[in-house]
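The values are calculated or read from the model by the stated rules, or taken from the named source; none is laboratory data. Since the model is a prediction, treat every value here as computed from it, not as a measurement. Methodologically, a virtual Cβ is constructed for each residue, glycine included, from the backbone with ideal geometry; neighbour enumeration extends over all protein chains shown.
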Amino acid sequence: MIWTLRTLFIAVVCLAFTGVLAASIWTIADKPSPVNLPQLLSENLDRSGVEHPVTAVLLNFRSYDTLLEIGVLVIAGIAGISMAKTATLEDPELRTSDSLLYALQRWFVPLMLVLAGYLLWAGSDRPGGAFQAGAVLAATGVLMRLGGIPMEFLRPGRLLRLGLALGFTVFLLVAVASAIGGEAFLAYPPGITKTLIVIIESVLTLSIAMVLLALFVSAPVNDAEDSEEGSSS
Amino acid sequence: MTLWLMAGLLFTPLAWAVLTLLTDFARGRLVTWGGILVQVLVSLGLWLTVARDGGFYYGLGGWDAPLGIELRVDGLAVTFVLLTAVVASACGWHAGIYIDPDKPWHRYFWPLFWFLWSGLNAVWLGDDLFNLYVGLELISLSAVGLVALGGKASALRASLRYLLAALLGSLAYLLGVALMYGQFGTLSIAGIASWLTEHPVPAGSGLALALMIAGLALKTALFPLHQWLPPAHGIAKSPVSALLSALVVKASFYIAARLWLELGEPLGNLVSAQLVGLLGSAAVVWGSWLACRQLQLKQVVAYSSVAQIGYLFLLFPLTYSVSESVSLQAQQGITLQVISHALAKAAMFLAAGNLILSVGSSRVDALAGVSRFLPFSLFSFGLAGVSLMSLPPSGGFAAKWLLLQASLESGQWWWVLVLLVGGLLSAAYVFRIFRASFLESPESDQFYHPARSLEVIPMILALLALGLGLVSEQVLSVMALPFEVEGSP
Amino acid sequence: MTLNAWLPVFALMTSLVAALVIFALPEKGYRLRTAVNLGAALVKLGLVVVMVWGVFRGVDYGVSFTMVPGVAFALKADALSMMFATLSAVLWLLTTVYAVGYLEDSPNRSRFFGFFSLCVASTMGIALAGNLFTFFLFYEMLTLSTYPLVVHRGTEKALKAGRTYLIYTLTGGAVLLLAIAWLHGVEGDLPFREGGHFIDADADIHLSLILIFILLVAGLGVKAAVFPLHGWLPQAMVAPAPVSALLHAVAVVKAGAFGIVRVVYNIYGIEASSLLGVLEPLAWLAAFTMLYGSVRALSQVALKRLLAFSTVSQVSYIILGVCLFGPVGAAGGLVHLLHQGIMKITLFFCAGNYAETLGIHRIDDMDGAGRRMPGTSLAFTIGAFGMIGVPPLAGFITKWTLGSGALAANMDWVIAVLVLSSLLNAAYFLPIVHRLWFREPNGSWPRERRWGRLETNAWLFWPPLLTAVMTVVVGVLASLPFSPLSWAELIVLREYSP
Amino acid sequence: MTAPLLYALVGAMLCGIGLFGLLRLSHLLRKLLAFNIMGSGVFLVMVGLPQHQGGQDPVPQALVLTGIVVAIAATALAIVLIRRYYHLSGMTSLEGETTSREGGPE
Amino acid sequence: MTEWLLDGLLVVALLVTAAAALLSRDLFRAVVVFIAFGLLMAVAWVRLQAPDIALAEAAIGAGLTGVLLLDAVSHLGSVSPRAQEKGGGGQ
């Protein structure tokens, strides 16, 4: 009896919450917002060195958000590796000798790599960018992993950790380089903004793919255990 | 010069996070101590420049609000940056010695430590709603990572409970940000505040602020939403729980306080302000009551955090529709309370860690006779306790004095009762620990003496917490500085 | 900052620095620790004497800096503070000598002496406080530094006594903080000023002033062991003898009484408080405590608990003196601050000697102790007679001045209370003196120890004799310029005509 | 009643459903699903509301992109912790046998 | 007119898949329905003229989150070694 009562109570609470939220959205939607940000954005778009507005916002106007967000991603990667069991990648149970998957792989992997490259390049003037390209690259890695192709660089070691932090480091170095040059942190020198952004995007793609793939590969958990503080270790 | 300091402040923790990721724990420790030195110097330099010529806005990437992200570097923010530098360096120093270097997964301790520090700096200085969200996420995930690092099942359970609470809180905050952006079109707090001063308050905007403050209250473990804090802070390793209790919990409160101070007047109402104050008082009483009943030493200190957080939320009723002087007094009181609690709580957790290390068990009644064997750590535990009980001459006392004045002047005398009863209750659980350790028990004599420097760190923090009471005038003088440039919309 | 401004700070710092040094000393550093202790005590005594001489000549010592926005941390040496400072400096020196002998072989003495000098630092701070805020600061530090001393032995009983002590003092502290905050809210930061502030207080805040006064007296009354709030004092007797001697007979208890004196004289002002009509009930409360303390002392079996209840009643003499409107009565109350300190510390020293040398704790196994320990028993007798008020000892001077003050303020019932209380004192002290000298020792002493030639350890022998001699000297030479009585009259003179 | 406002309202409903799932379900993976659904709801509100008045607004779109990446980072961390918690204690929900009663011994 | 129909259908589909993902009894089915929800969300983003988010949602939201969840479900399905030692535990 208590069980259903509790569910009912939670349901009522959530319903009320949704109702209030919808009502508030409804009232907010009536009045126009005072600051017209998109119009302000289009004026400054040409100074951002990139044509596509979303990439401009992501990598130039609000680049600090992206920097911290990549940091968040690296933290998830670190946590994943720290609990990883895979000493070696030669896990037999992952190796599939299924010929259909093998054939599929031979077709799909190059296609997905091209798609990732396109997405990365298109980022500057059409929808696309580092995150989407990174995700597609990671998907390719997952496919290859399922196919049993050993990927040496995913073994928890210095190389993997370097790979995880590569994108983040390059972004950070570019950010601080301009600060040393006297402008604000994360400001791009006027002339070469576009090239810098492309470099950052490509390195970011690699790192994002590496992090997402490491999370998938390191999934099986190790038995390591640290004695709780104070208990007689 | 300030540009260099700002760049250094933002760059160093992230750079050191990457550097320590590439090395193991032992070498990482050396790298970290170098980084700590740089970070403390930069924070001090920034504090001095702001003390000299007032706060300023710092547009990141050269763009100003509302398009780009602006950092608001005023007296309050810089004081908290300096506080973080002090407490984090103490915890880092203590962790370097306390944590066993040859366990393989401890190699990931330092990167998480530095990411946590950069997240804290991002939150203290942030003035952009979404940027604060990303900063909060950075802090929460690294804190959960630190709690779960190498822990047993109970540590995992605590970190999961912490993660779920933190994520729910962040989502509620993000929903509030979405509504705010939908309504005001800008993400800069200063922009929204200046717009609200000229225009009538639009309907339907109260919910956004309420959602944000509710989300942040969940992340600060205010009374009804506090279940996740004691297991997480109690089970983590001592330097980690010191960091969590002293700084991480304050970050989300800092954002809620800043939101309330800027947008509370137009968007908030009296009932919600008094309700939050009431929840804070309930937290003080409930946290202290539970702290007296815990059997584990670190659980007592963790529940004491729940209680002390209750005081912080007295800021809401004391700054809503009150005179300018009362509001300033309340703000100063809460700032002192945050600083003295951060220092005292960090000292207490580190000292508790030393006591547990030497007694060999984390139970309170196992502390018998430790006053004879390890007086130094117990003395720093006591000094920190003095500040927690807000007895003179500690910083806690100065904070309580200002809050007493503010509540008397604003006629809300019931907060006076909360403050006084809270002080007595905190005395109850601090002296409970003393009672246990002063008890002479003949049979317990096999103690293990922790390293000398492990004991010095909590003493330094406790003395800072005590000394804060004497220099609170200078510390607070930085806060009330005029603003150099008017906040852009 | 002239030297004058820094003298009070130096006086305060001597024992603070001594405390920190002693904490750092290893347990075995016996000789060094005693040297630091005695050195600090002598330095402090020297500083206090210089300041007494300066205050007598009218120099004002004072330093203040804003600690919390809106409130200043102020130290000020005036006549009243010098009286309490001299008392605590002199008696601290003697008690240190006594404690070194008393704690011959007990464990963790570094911790004991560290907190011991912290206590004296806070007592000195209370004496030199320039405003209520600083007074409260040291008042709470006194609580914190006395707790470890009360629970020093670490036994279950000591910890229980410590708990009661804390409950009383911390609650009192909270009430006092409320009163000070409220007063600060109403009137702003009030330094201690001769003649007080509220002579011309307008009518509408009269009610809040009376309420604040009640809260202040309640907060301070806990430490002054006034009737309903005295429960902690008898239980705190479980502490080692030097602790109960210096702290519970002199420092802690006097801090409360001194606080009430400060509030009545330097915050409210004597005229304003009598105008507000708060002095009358306070006098009744003090009188009742005097009688209650003596009656409870009658039925006590343990020697130290008897002395504790006698302290409860004696402190109320001071409060009664303060409530007598008129210079003579006030002088009587103030001088008792010193007299009671000297007499009570003698009695506690002797009690400690009996316990340490012969293992006596109960009154009825004190028979014939006079023959075994003549020196200590002589000191005990002088102290007891002083308490009863036998001329020419110190106690008599106080009671005589109080009586004449009561006559001047035509509060005749006070004389009756004084006489009755003296009779009660005689009722519980004389049987003890009788047992000491005129009874045969029944069998062997519970736990006898020998220290060669002297009846007890040299460190333990001389202090009580010294204080006994002081009791006599103070009583006989009461009219000399620097005697406690004339100093009290100097204070009252400055008080009544600021 | 333009399309973006409709999606904003759907977002609000998704938040309600997500909240219900988060509070009601005890299995940790299901809580994670509920968290992701609620996240999508919030993102819908974030983009739908501003685009109701003006046309396409790239700023909230960039924010949502960042939000999605943060969401997957949090989800990945949660999954790693859940697997390790299951691996160590064999339990898949926090209400396991050692429920930490309020104040009771751990 | 047809646009309204498409949006309406999409909205209903979104709500149904969300509810189904949470309330279905079997965990594996819940994750599969959740992946479908992710794809529908991608379509919703296209309707909101946000192609970047549509791509990201499809690749990251449905793709990688789905893969991680599926892997976790298969892992949680098998009885964990720790549970075997205790003799109890597991699904």
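Brief remarks on what is shown
- Residue tally, condition facing chain A (nearest Cβ under 7 Å) and either under 13 Å from A:Asp65 (Cα atoms) or polar (S, T, N, Q) (or both), over segment D:57-72: 7
- Test: B:Arg52 is more than 9 Å from every other protein chain (Cβ to nearest Cβ), touching a Gly at 6+ places or on another chain (Cβ under 7 Å) and of a type in the set (Lys, Arg): no
- 3 or more residues touching a helix residue (DSSP H, G or I) at 6+ places or on another chain (Cβ under 6 Å) and either away from chain A (no Cβ under 14 Å) or modelled with pLDDT under 90 (or both): qualifying helices (runs of 4 or more DSSP H) within segment B:314-397: B:315-319, B:324-359, B:375-388
- Pairs with Cβ under 8 Å, 6+ apart, first in segment D:1-26 and at the interface with another protein chain (Cβ under 7 Å from one of its Cβ atoms) and within 17 Å of D:Gln53 (Cα to Cα), second surrounded by fewer than 24 Cβ atoms within 10 Å (Cβ to Cβ) and of a type in the set (Lys, Arg): D:Ala3/E:Arg47; D:Tyr7/E:Arg47
- Residue count for segment A:168-182 satisfying the condition of being surrounded by 17 or more Cβ atoms within 10 Å (Cβ to Cβ) and free of Cβ contacts under 8 Å to residues at least 60 places away in the same chain: 6.
- Checked against the criteria, C:Gly326 does not count as crowded, with 24+ Cβ neighbours inside 10 Å and small (Gly, Ala, Ser).
- Output for segment E:43-53, where each listed residue is more than 7 Å from every other protein chain (Cβ to nearest Cβ) and buried (at least 22 other Cβ atoms within 10 Å of the Cβ): E:Trp45
- Flag for C:Val252 being at pLDDT below 90, surrounded by fewer than 24 Cβ atoms within 10 Å (Cβ to Cβ) and not charged (D, E, K, R): no
- In the set B:Arg363, B:Arg372, only one residue is over 20 Å from B:Ala428 (Cβ atoms) and surrounded by fewer than 24 Cβ atoms within 10 Å (Cβ to Cβ); that residue is B:Arg372.
- When B:Ser281, B:Ser205, B:Ser188 are checked against the criterion of being surrounded by fewer than 24 Cβ atoms within 10 Å (Cβ to Cβ), more than 24 Å from B:Lys400 (Cα to Cα) and small (Gly, Ala, Ser), a single residue qualifies: B:Ser205.
- Only one entry in A:Gly80, A:Gly123 is closer than 18 Å to A:Ser218 by Cβ, modelled with pLDDT of 75 or more and of a type outside the set (A, V, I, L, M, F, W, C), namely A:Gly80.
- Where A:Val74 falls short, out of the listed (1) over 19 Å from the mean Cα position of the chain (by Cα); (2) at pLDDT 80 or above: (1)
- Highlighted here are the helices (runs of 4 or more DSSP H) found entirely within segment C:235-343 that include at least 2 residues which are under 16 Å from C:Ala406 (Cβ atoms), of a type in the set (A, V, I, L, M, F, W, C) and in contact (Cβ under 8 Å) with a residue 12 or more places away in the chain: C:279-298, C:303-323.
- Residue match in segment B:416-432 (condition: in contact (Cβ under 8 Å) with a residue 40 or more places away in the chain and either part of a loop (DSSP other than H, G, I, E, B) or more than 18 Å from C:Thr171 (Cα to Cα) (or both)): no
- If only residues of segment B:118-164 that are in a loop (DSSP other than H, G, I, E, B) and either free of Cβ contacts under 8 Å to residues at least 60 places away in the same chain or at the interface with chain A (Cβ under 9 Å from one of its Cβ atoms) (or both) are counted, the one that is farthest from B:Phe80 (Cα to Cα) is B:Lys152.
- A:Asn44 touching a residue at least 60 places away in the same chain (Cβ under 8 Å) and assigned to a helix (DSSP H, G or I): no
- The set of residues in segment B:199-255 being farther than 20 Å from B:Gln296 by Cα, among the small types (Gly, Ala, Ser) and in a helix (DSSP H, G or I) consists of B:Gly206, B:Ala208, B:Ala210, B:Ala214, B:Gly215, B:Ala217, B:Ala251, B:Ser252.
- Of everything in segment B:145-162 that is among the charged types (D, E, K, R) and at pLDDT 90 or above, the residue that is surrounded by the fewest Cβ atoms within 10 Å (Cβ to Cβ) is B:Arg161.
- Flag if E:Val33 is assigned to a helix (DSSP H, G or I) and modelled with pLDDT of 90 or more: yes
- Hits in segment A:53-70 - residues which are of a type in the set (A, V, I, L, M, F, W, C) and more than 7 Å from every other protein chain (Cβ to nearest Cβ): A:Ala56, A:Leu59, A:Leu67, A:Ile70
- Residue check, B:Val301 closer than 21 Å to B:Tyr254 by Cβ, surrounded by 24 or more Cβ atoms within 10 Å (Cβ to Cβ) and among the aliphatic types (A, V, I, L, M): no
- Test: residue in segment D:34-55 that is touching a Ser or Thr at 6+ places or on another chain (Cβ under 8 Å), crowded, with 24+ Cβ neighbours inside 10 Å and closer than 20 Å to A:Thr55 by Cα: yes
- Here segment B:277-313 is the region considered, the condition is being aromatic (Phe, Trp, Tyr) and within 19 Å of the chain's Cα centre (by Cα), and the residue that is farthest from the other protein chains (Cβ to nearest Cβ) is B:Phe313.
- Qualifying residue in segment A:54-63 (condition: at pLDDT below 85, in a helix (DSSP H, G or I) and more than 17 Å from the chain's Cα centre (by Cα)): no
- Candidate set: segment A:178-196, residues that are facing chain B (nearest Cβ under 10 Å) and part of a helix (DSSP H, G or I); chosen: the one farthest from the chain's Cα centre (by Cα): A:Ile180
- With respect to the conditions (1) of a type in the set (Gly, Ala, Ser); (2) within 30 Å of C:Glu194 (Cβ to Cβ); (3) away from chain B (no Cβ under 11 Å), C:Gly70 falls short on a single one, namely (3).
- Residue within segment D:43-62 that is touching a Cys at 6+ places or on another chain (Cβ under 7 Å) and not small (Gly, Ala, Ser) present: no
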